[in-house]
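Every number in this text was worked out from the coordinates using simple rules, so none of it is lab data. Remember, it's a predicted structure, so these values are computed and weren't measured experimentally. Virtual Cβ from ideal backbone geometry, glycine too; neighbours counted across all protein chains shown.
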Amino acid sequence: MAERISPEASTEAPKKPYALVKQPREDRNHPSDRSETEGYANANFIKQPLDKDHEELIKLLKSLPRDEMGGSSIGSDGVLRTLTADRDVLGAVGLPPRLLKAMLDCLPYNKEVEDKFQGVDGSLVPREQWFHPDKSLLPAPMTEEEKEESRKFGEENKEVLAKRKAELEQKDRHIIISNYDLGLK
């Protein structure tokens, strides 16, 4: 029997990685189930052992180089890229459908996203295109104003951000809030 738990529960790290899996509610009008834009703070979660796809995904995410001013993006080609603020590619990996699904399941459900990635296999994308993709696959570069706001935020919250980063690296949990159907067998 799975253990019910809230996302903020226990600060003590478990011995094995686990997932907090969002459970559907009987009340279909509950804010956590109503739309992809509303939060899941009040959702019911069940603690479960982390499956091999999510374990592999976590290792991949930790291995990619990052830029504090940049971000990450999954292109419609199924390639996960870490980017600078100017959208230069720092690191990339073509996600096979099972890892693409694992990544998407950590995001709120969105039918358009599900349709966009139906049948996509990033592992088939040539490696050269991982690092030099068509610009349409990347988010727009940050404006100078956005960069300045980001710099300012980083400086003002340096200690809090460092503490949060350290906490995240210590936690062996993963939150799964949706169940995308990408047609996997």
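The distance between label points at LYS163 and HIS132 comes to 4.6 nm (points 7 Å beyond Cα on the Cα→Cβ vector). How would you classify segment 66-185 from its alpha-carbon gyration tensor, with a ≥ b ≥ c the square roots of the eigenvalues: rounded for a/c under 1.5, else prolate if a/b is greater than b/c, otherwise oblate? Judged from the Cα gyration tensor, segment 66-185 comes out oblate (a/c at least 1.5, b/c at or above a/b).
Computed about its Cα centre, the charge dipole of segment 46-140 is approximately 200 debye, with only Lys, Arg, Asp and Glu carrying charge at their Cβ. Exposure proxy ranking for TYR180, TYR109, based on other Cβ atoms within 10 angstrom of each Cβ and starting from the fewest, stands as TYR109, TYR180. Can you compute the FRET efficiency between GLU155 and LEU90 using 1/(1 + (r/R0)^6), with r the Cβ-Cβ distance and R0 = 30 Å? Round to the nearest 0.05. Efficiency at R0 = 30 Å is approximately 0.85.
Neighbour counts of C-beta atoms inside 10 Å place GLU149, GLU144 in the sequence GLU144, GLU149, starting with the fewest. Computed from the C-beta positions of GLU145 and ASP51 and an R0 of 35 Å, the FRET efficiency is 0.25 to the nearest 0.05. For segment 101-138, GluC sites (Glu not before Pro) meeting the loop criterion (DSSP other than H, G, I, E, B) and having at most 13 other Cβ atoms within 10 Å: none. Given their separation in residues at 0.36 nm each and the Cα-Cα distance between them, ASN179 and ASN110 gain 23.8 nm when the chain is fully extended. A Cβ-based charge dipole, computed about the Cα centre of segment 88-165 with Lys and Arg at +1 and Asp and Glu at -1, lands at about 420 debye. In terms of distances greater than 20 angstrom between alpha carbons, the cross-link table entries LYS59/LYS158; LYS52/LYS111; LYS62/LYS165 yield LYS59/LYS158; LYS52/LYS111.
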